[in-house]
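Below: one structure, written as structure tokens.
The values are calculated or read from the model by the stated rules, or taken from the named source; none is laboratory data. Model, not experiment: these values are computed from the prediction. So basically every Cβ, Gly included, is an ideal-geometry build from the backbone, and we count neighbours across all protein chains shown. To get the accessible areas, we keep the full protein, side chains included, count just its heavy atoms, and leave off ligands, DNA and RNA. Shrake-Rupley method; radii C 1.70, N 1.55, O 1.52, S 1.80 Å.
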Amino acid sequence: MTPTRDTVLLDVDGTLADSTYHHALAWARAFARFDLTPPLWRVHRAIGLGGDKLVAVVTDDDVEDRVGDDLREAWEQEYSRLLDEVVLLDGARDLVLSLHGRGLRVALASSGKKRFTDHVIELLDLPDGVLSTVTTSEDAEQSKPAPDILGVALRRAGGERAILVGDTSYDVASAARMDAPCVVVRSGGFGVQELRDAGAVLVVDGPRDLVDADWDALCRAEPPEGSDDPQEPLPH
């Protein structure tokens, strides 16, 4: 029998917090500061990548070389203005508590800025000891779809094998690269079939649908072959 997984890694933005479109709007406004107007759908499709990768994916390497750092600073300023509008997705808190109640280690594996992740933690208002650890962008050099941040979270949580809950195909690939399956919520705005094709072991509408999921079976799941290779979501 396949050894069960003892740790659930939870992505934060778009998975627990309804923030995907706030991020897309903040990036669009950041690009506009530099007279760049990529279509918003293209910006949205890159949300879930690390900011160090997003600029070149949405525009090109020349823009990244010229103003990448300035764009990231502008995005942070723009997102800060929207932060008070960011709320939890339905069932987010109940999901975290239910996973802890099942005896699983629970870690927030965020690659976002610490103060933005702290805002979501404040909204979750969890009792002490529910979260085994929390990671942010400061904790790993490589962002998604690299698995670095997930590996750090698993190690700090004291777990041995993990399953990830995310909201994009980047999460699926990132998890698979550390031999972990990925459950995906649709709140990232990706299509059900493309998430299944990417290798998600389960696709649901949101956190509420996972509270009573069959976690015994999910924790025995394996990532499908090929799911460590992220699909290209942004054809040029």
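When region 81-93 is filtered for residues that are surrounded by 14 or more Cβ atoms within 10 Å (Cβ to Cβ) and out of contact with any Leu (no Cβ under 9 Å at 6 or more places or on another chain), the ones remaining, listed by number, are Leu83, Asp90. On the basis of being in a loop (DSSP other than H, G, I, E, B) and either within 23 Å of Val183 (Cα to Cα) or of a type in the set (Gly, Ala, Ser) (or both), does Gly68 make the cut? So Gly68 fails the test. Contact annotation: residue pairs with Cβ atoms under 7 Å, 6 or more positions apart or on different chains, pairing a residue in region 33-44 that is closer than 24 Å to Phe190 by Cα with a partner that is outside any helix (DSSP H, G or I) and modelled with pLDDT under 95, are Arg42/Leu234. Annotation: of all residues in region 99-114 being open to solvent by 10 Å² or more (accessible area, probe 1.4 Å) and either at pLDDT 95 or above or acidic (Asp, Glu) (or both), the one that is nearest to the chain's Cα centre (by Cα) is Arg105. Being surrounded by 16 or more Cβ atoms within 10 Å (Cβ to Cβ), of a type outside the set (A, V, I, L, M) and part of a loop (DSSP other than H, G, I, E, B) is a property that Pro127 lacks. Which one is nearest to Thr7 (Cα to Cα) among residues in region 131-152 that are touching a Gly at 6+ places or on another chain (Cβ under 9 Å) and modelled with pLDDT of 95 or more? Restricting to residues being touching a Gly at 6+ places or on another chain (Cβ under 9 Å) and modelled with pLDDT of 95 or more, the top hit is Ser132. Being among the hydrophobic types (A, V, I, L, M, F, W, C), out of contact with any helix residue (DSSP H, G or I) (no Cβ under 6 Å at 6 or more places or on another chain), within 18 Å of Ala175 (Cβ to Cβ) and assigned to a loop (DSSP other than H, G, I, E, B) holds for only one residue in Ala153, Ala146, and it is Ala146. Could you please let me know if Ala56 is of a type in the set (A, V, I, L, M), part of a helix (DSSP H, G or I) and without any contact (Cβ under 8 Å) to a residue 12 or more places away in the chain? Here the answer is no, as Ala56 does not meet what is asked.
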